[in-house]
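Contents: one structure, followed by commentary.
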Amino acid sequence: MIHEDSPCLVFLTVIAGRKLKDALTESLSEEGGRLITVMYGKGAVTSDYLSDMFGLVAEENKVVVTCLLACKKTDAVWNMLITKFHFDKPNTGIAFTVPIQISF
């Protein structure tokens with residue numbers, strides 16, 4: 001049974017370069033993220049000679065940060081990811097949410 005007064009939650013996933021791990025977890029905690037989990041991964045990026053010459057190689061080591069977030073906090077988190085971590089620019093990170101339905 002789903003109640004109208006159930007809290008609205010989303011499951012946030014952020015994938016970024018590993019060097020952003022500490023700053024991301026701290027910022028998400030400040031914005032109200034709960035049950036923050038960090039996992040390490042490796043990107044599937046391959047570089048070619050020309051990219052290496054111009055220093056255009058994307059970071060291969062990634063961090064996947066997940067947390068629970070109140071629905072009313074999602075706009076603040078999106079704005080934080082754009083302003084502080086430049087997620088609106090290519091090759092900086094990916095973030096998405098999945099709604100969580102709470103039923104009793």
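Within segment 7-45, name every residue whose backbone N is under 18 Å away from a label modeled 7 Å from Cα of THR83 along the Cβ vector. Zone members listed by number: 23-33. In this simple spin-label model, placing a label point 7 Å from the Cα along the Cα-to-Cβ direction at both LYS42 and ILE102 gives a separation of 4.0 nm. Annotation: lysines with alpha-carbon distance below 30 angstrom to LYS42 (same-chain offsets under eight excluded): LYS19, LYS21, LYS62, LYS73, LYS84, LYS89.
Where a number appears in this text, it was derived from the coordinates with a stated rule and is not lab data. Please read these numbers as outputs of a predicted model, since none were measured by experiment. A quick note on method: Cβ atoms are made from the backbone with ideal geometry, for glycine too, and the neighbour counts reach across all protein chains shown.
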